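See below for the structure under consideration.
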Amino acid sequence: MIGEVETVSAALGKFGSHSIGEDVATLSLQFAGGCMGLLDMSWCAPTDLARAEWALNETIVEGTAGTLQLLTDGPLEWIGPTERRERKPVILPPDDQVYIDGYVATQQHFVSGLIAGAEHETQATDTLRTLDVVWTAYRSAEVGRTLTV
């Protein structure tokens, strides 16, 4: 739909005292289809904007058909160009079960796929491509310029 990420420009920062690595990252992405993306991530955000137990931060996707927003209490909200809104509830497990249930479900899916010979939800090539973008972002932040993936 929008194509692969072609270029990345990144800036990283460390402002909190509770993390080992960076706790703020901003990435500007250019996609093969001409779209642009901006990822502005902060692990220092106040809890009304982020839920650390979920790794849910303010997440917004803007496009010509409207805006899609992931709300911190789980639902997806679509806002159309005419300001019409639609919400889709997303059932979330209790906060103390997030990581446990997530790991169990991921491992079950992976093992079931191996046993049945079925394709996995995420292909290895997609994961490797994502890692290419991540490592390019780190290099971009190091050298201070836009890099090609």
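The values are calculated or read from the model by the stated rules, or taken from the named source; none is laboratory data. Here the structure is a predicted model, which means the values were calculated and not measured. Positions of Cβ are generated from backbone atoms using ideal geometry, with glycine treated the same way; all protein chains shown enter the neighbour counts.
So, in the stretch 99-149, how many residues would count as being at pLDDT 95 or above, surrounded by 13 or more Cβ atoms within 10 Å (Cβ to Cβ) and in a loop (DSSP other than H, G, I, E, B)?
Number satisfying all stated conditions: 2.
Condition check: at pLDDT 85 or above, aliphatic (A, V, I, L, M) and more than 17 Å from Val5 (Cβ to Cβ). Does Ala65 satisfy that?
yes
May I ask you to list pairs of residues, at least six apart or on different chains, whose Cβ atoms are under 8 Å apart, with the first in the stretch 19-43 being under 18 Å from Thr67 (Cα atoms) and the second being loosely packed, with under 14 Cβ neighbours inside 10 Å and of a type in the set (Phe, Trp, Tyr)?
none
Return yes or no: is Gly144 within 17 Å of the chain's Cα centre (by Cα) and closer than 28 Å to Leu27 by Cα?
The answer is no for Gly144.
Of all residues in the stretch 8-18, how many are surrounded by fewer than 17 Cβ atoms within 10 Å (Cβ to Cβ) and either touching a residue at least 12 places away in the same chain (Cβ under 8 Å) or closer than 11 Å to Leu147 by Cα (or both)?
Residues in the stretch 8-18 being surrounded by fewer than 17 Cβ atoms within 10 Å (Cβ to Cβ) and either touching a residue at least 12 places away in the same chain (Cβ under 8 Å) or closer than 11 Å to Leu147 by Cα (or both): 4 in total.
Would it be correct to say that Thr7 is farther than 17 Å from Glu142 by Cα, at pLDDT 80 or above and either under 16 Å from the mean Cα position of the chain (by Cα) or part of a strand (DSSP E or B) (or both)?
Considered against the rule, which asks whether it is farther than 17 Å from Glu142 by Cα, at pLDDT 80 or above and either under 16 Å from the mean Cα position of the chain (by Cα) or part of a strand (DSSP E or B) (or both), Thr7 comes out as no.
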